[in-house]
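The values are calculated or read from the model by the stated rules, or taken from the named source; none is laboratory data. Everything numeric in this text was worked out from a predicted model, so none of it was measured. Cβ sites come from the backbone with ideal geometry, for glycine too, and all protein chains shown count toward neighbours.
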Ligand SMILES: [Zn+2]
Ligand SMILES: [Zn+2]
């Protein structure tokens, strides 16, 4: 069998693995690439997926970086079944629609800009109609029940403990040469999370393990410390009369933050009467789905819900769906807690809240989830002094908090502990869903702990797997390499322009004063852009 990596190879987004066996061709996940224009261009490059030639798709969970390209494939001719758990099916119903809405809005915005420049408009990645017609192909599966989407491919979904309905997959693929057993970890949850069960242990004695490595280079702090840090962040901004902003994935992260606020409230650690806003129509709908599927939640938590100890109904909590309500939040002065999507600040209403609050001394922005490279969220976590929002530079005066203890992903030791349960001397590991540093760190530990040297494949590479054999890597034929940037030339041109600018000074001084003011303003704007760039070095 062969596995081609369509994404999440030395990156965290765009999860999709296309598997070709003796008698089938199918995909595991079909996620969107996120984090800057270079990565996002890959979303439009879907011809290599050859959608109409895919027999079926297995989806591990509803997050957009695992599911967001499904409508694109349907648009390109995919008509097979898409398997997922019942809860994932319910979540996809709202998430793909939301994603299509974002795609349509962004294309409309870009088209208007292009048309003003005399260029042709662009098509959205997919439309609402594509998203809606995707839903007809969804088929529910249950945890721990093996099924055969096609003969020779046996699949078992097991609870990954990452978000509602999330799974890791066990595959037994029978070909004339023998049976190859593969485990795909999907996104692995953090044990002891408030809402989710701990990740299950694989039952299959795998030949190959495709292992996520998001936090391969670090451990999370414990939950109690993180709870204290969260209280500190809220106290910091509320005592200064400012707002606390939580950029959060609408699914799971928002609900976990609500649960955390609920605990703080019960412990008397939440400022009295502070308004809390969940400002995301998607999060509101997702919260409803959480309530409807207690069977997927941590037992203690669903028991709590049953007894009326409701974390989704904290005093002062308001769910905002309409645009006017969203705008009113920032028109109301004084402290408040805003939970809004997207979690990495690359889309959605959170960007408006950042625009209104980032420049305010005393405000706080609290990150509780992973921030992919190239996203605005990552820039803030890395200490950016300015952020470009809606084509405008906004100064960062708000305090940025990063709290890892609520992560939806297993930390380094937790990943290793999970691997320990299934490791054996002949197991081969392929690291996926992680950035280079995280993968290298995890790779070293896997070697020292289990004497396994993992394979770290790149985007579009194809791996050949055969029971009992090492992974064979076939480089991508098209030779996808990162762009080569001629920095020396670019710096030289910049220096030459600076020289010309200096030489022009005597003439500038001779201009009439309205022209001088105009030139001064242009130079000031250039300097602002320059500082923005320098702050990222
Ligand atoms: Zn996920
Ligand atoms: Zn993921």
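Brief remarks on what is shown
- Scanning segment 13-30 for residues being part of a loop (DSSP other than H, G, I, E, B) and within 16 Å of ligand 2 (Cβ to nearest atom) gives a total of 6.
- Where helices (runs of 4 or more DSSP H) fall entirely within segment 55-122, those with at least 2 residues that are within 23 Å of the chain's Cα centre (by Cα), in contact (Cβ under 8 Å) with a residue 12 or more places away in the chain and within 16 Å of ligand 2 (Cβ to nearest atom) are at 64-67, 86-116.
- If you filter segment 17-54 down to residues that are free of Cβ contacts under 8 Å to residues at least 60 places away in the same chain and surrounded by 24 or more Cβ atoms within 10 Å (Cβ to Cβ), you find that the one that is farthest from ligand 1 (Cβ to nearest atom) is 27.
- Residues of segment 500-526 satisfying the condition of being more than 39 Å from the chain's Cα centre (by Cα) and surrounded by 10 or more Cβ atoms within 10 Å (Cβ to Cβ): 501, 504, 508, 511, 515, 516, 517, 518, 519, 520
- Of all residues in segment 346-383, those satisfying the criterion of being at pLDDT below 95, touching a helix residue (DSSP H, G or I) at 6+ places or on another chain (Cβ under 8 Å) and not in a helix (DSSP H, G or I) are 346, 347, 348, 349, 368, 369, 371, 372, 374.
- Set 260, 287, 225, 244: member being more than 16 Å from ligand 1 (Cβ to nearest atom) and without any contact (Cβ under 8 Å) to a residue 40 or more places away in the chain: 287
For every residue, the table says whether it meets (1) within 17 Å of the chain's Cα centre (by Cα); (2) assigned by TED's automatic domain parsing to the domain that holds residue 60; (3) at pLDDT 95 or above; (4) away from ligand 1 (no atom under 16 Å from the Cβ).
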| site | (1), (2), (3), (4) |
| --- | --- |
| 154 | no, yes, yes, yes |
| 161 | yes, yes, yes, no |
| 164 | yes, yes, yes, no |
| 167 | yes, yes, yes, no |
| 171 | no, yes, yes, yes |
| 178 | no, yes, no, yes |
| 184 | no, yes, yes, no |
| 188 | yes, yes, yes, no |
| 192 | no, yes, no, yes |
